[in-house]
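Throughout, read-outs are computed from the coordinates displayed, never taken from laboratory work. Source: prediction; values computed, not measured. Every residue, glycine among them, receives a Cβ derived from its backbone with ideal geometry; neighbour counts consider all protein chains shown.
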Amino acid sequence: MTSLVSHHPTTSIPSVTSDVPTGLWIGGRSVPASGGKTFNVLDPATETLLARVADAAPADALSALDKAAAVADDWAATAPRVRSEILQDTFRLISERVDELAVLMTMELGRALPDSLAEARYGAEFLRWFAEEAVRIEGRITKSPSGNGRILVSHQPVGACLAITPWNFPLAMGTRKIAPALAAGNVMIVKPASETPLTMLALASAFAEAGLPPGVLSVLPTTSAQEVSSALIEDERIRKISFTGSTPVGRALIGQAAERVQRTSMELGGNAPFIVFADADLDAAVDGAVAAKMRNGGEACTAANRFLVHDSVAAEFTDELVERLRVMRSGPGYEATTTLGPLVSRIQRDNVADFVNRAVNAGGRVRLGGEVPKGIGYYYPATVVDNVPADADITREEIFGPVAVISTFDTEEQAITAANATEYGLAAYFFSRDLDRCMRVAEKLDAGMVGVNRGVISDVAAPFGGVKQSGLGREGGREGIHEYLTTKYIALGG
Ligand code: NAD
């Protein structure tokens, strides 16, 4: 265990009062890695050491799987009401600690505290939602059409699950998988991103406090992601892989899962278009744009990645967006005045800077920001680049930073064609006051989720997920628990 505050050199951080485990979470407790190795977690604002965390090896993964397999049947047989209550109790514990968790997430991830607080609440809601779903797993019984016997359909736990999560929502990307998996009666091993392992370890410890039996949930921070996950995927006992992260890694995991025909849920990259039609309420569109672009400092898979604005309103929309982003205050995420924290890592910051340089080479004009500030911390300013041709190569890439790229269009058809010209299909947004157009465009956009006249779409009660190379499956909503259930047909004679 470590007290994070004592590791930190500055004094302006609100105190994190509860201790956070820094070992691997196996068998319901924090243990060192079998090889004794640790890795450093850094504060992106100061580039200084936040904590040393145990670094799992493949042997640790198999030890976690042995423990999970040993309790899998008991957990599957545990009454749904009991599973539900453990999730409810964890929800209560996390809800009591949202402020502390928000600080912890900001310390690992950099982003501004209000974004972390929003995630702490959103992440906790998956625990409550799936606690409610645990007792509502229904099947059906029907007479066979021939009149010869009955068809009984039931849903059973899929088996031991592996979850691999990214750094950009360190709590919610975990609870969105763990809560439905456990509600459905599965055991789960989680491999969090090495940039942000502490949040997931704090969550595991809250589950234990809420009475989750040891072995049902394990957390394996590691710098050997491929080796650790391969050791698990190559084991027949793992029946399901749930991944949130980049499309190239998702593709590789689908390939590995194919070897043993394991089920997969894939929440992958995005390249969300944000279309502003001439008939849009421009003030609302700018509000939506700020939310869709700047939530999480742009480090969101649902972030607006390409603004497509009708020629007739482009100048006004761009000027307004520039003014709204100009007042964003960069600084350490945990300082009260900060509205834009640093990016998670040097690599991420350099990628964003490189993207902006290429946008300029493609004809873009920097209207705001666009330069890496001097000094420590992985900062990148709020940036607006307009004049970018809608078909420029860079518009196919996910930015993952506070950079708004603006192109223009003339006809509705051009906007839809440009919006769909990507291998991704996660989120899409548009603003219009014409109801016919709203329905028509929403149906034509190739995206798993469409925001109409709103810039934030995530909701625990809605199915989250993408089409095309943005992924497979849905998380949250009524659909979410079915990712962790398998359908059994029992043919009843008589
Ligand atoms: P990433 O793919 O690099 O890493 C995600 C996770 O996979 C991390 O835990 C990492 O350690 C692990 N990983 C990396 N290589 C691996 C390998 N070969 N085998 C097994 N595990 C491996 O992605 P990231 O940079 O952490 O996250 C950003 C990406 O995640 C973006 O593309 C973003 O769009 C996507 N994302 C998608 C959603 C969604 O719901 N669709 C949500 C959040 C983030």
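With Val366, Val327, Val385, Val372 as the choices, which residue is of a type in the set (Val, Ile, Thr) and in contact with a Phe, Trp or Tyr (Cβ under 9 Å, 6 or more places away or on another chain)? Testing whether each residue is of a type in the set (Val, Ile, Thr) and in contact with a Phe, Trp or Tyr (Cβ under 9 Å, 6 or more places away or on another chain) leaves just Val372.
Looking only at residues in the stretch 447-468 that are of a type in the set (Val, Ile, Thr) and outside any loop (DSSP other than H, G, I, E, B), the one that is farthest from the ligand (Cβ to nearest atom) is Val452. Looking across the stretch 367-393, the residues that are among the β-branched types (Val, Ile, Thr) and within 12 Å of Ser407 (Cα to Cα) come down to Val384, Val385, Val388. Since Leu201 meets every condition but one in (1) away from the ligand (no atom under 12 Å from the Cβ); (2) more than 17 Å from Lys37 (Cβ to Cβ), which condition does it not meet? For Leu201, the failing item is (2).
If you take the residues in the stretch 129-154 that are more than 30 Å from Gly110 (Cβ to Cβ) and touching a helix residue (DSSP H, G or I) at 6+ places or on another chain (Cβ under 9 Å), which one is surrounded by the most Cβ atoms within 10 Å (Cβ to Cβ)? For the stretch 129-154, the residue satisfying everything is Ala134. Selection within the stretch 266-293: residues that are within 16 Å of the ligand (Cβ to nearest atom) and farther than 19 Å from Lys444 by Cβ. The member of this set that is surrounded by the most Cβ atoms within 10 Å (Cβ to Cβ) is Lys293. Exactly one residue out of Pro192, Pro180, Pro157 is within 27 Å of Lys488 (Cα to Cα), within 16 Å of the ligand (Cβ to nearest atom) and buried (at least 24 other Cβ atoms within 10 Å of the Cβ), and it is Pro180.
Of the residues making up the stretch 94-137, those that are more than 18 Å from Leu343 (Cα to Cα) and in contact with a strand residue (DSSP E or B) (Cβ under 8 Å, 6 or more places away or on another chain) number 1.
Considering the stretch 137-247, the qualifying helices (runs of 4 or more DSSP H), each wholly inside and each with 1 or more residues that are in contact with a Lys or Arg (Cβ under 7 Å, 6 or more places away or on another chain), run over 172-183, 225-233. One residue stands out in the stretch 469-486 among those that are within 12 Å of the ligand (Cβ to nearest atom) and charged (D, E, K, R): the one that is nearest to Gly255 (Cα to Cα), namely Arg474.
Taken as a whole, the condition of being more than 9 Å from the ligand (Cβ to nearest atom) and surrounded by fewer than 22 Cβ atoms within 10 Å (Cβ to Cβ) does not apply to Ala225. Among the residues of the stretch 63-94, those identified as among the hydrophobic types (A, V, I, L, M, F, W, C) and within 26 Å of the chain's Cα centre (by Cα) are Ala64, Leu65, Ala68, Ile86, Leu87, Phe91, Leu93, Ile94. Can we say Gly425 is in a loop (DSSP other than H, G, I, E, B) and in contact with a Ser or Thr (Cβ under 6 Å, 6 or more places away or on another chain)? Judged against the criteria, Gly425 is a match. Only one of the listed residues (Ile151, Ile86, Ile141) is among the β-branched types (Val, Ile, Thr), in contact with a Gly (Cβ under 8 Å, 6 or more places away or on another chain) and farther than 28 Å from Ala257 by Cβ. That residue is Ile86.
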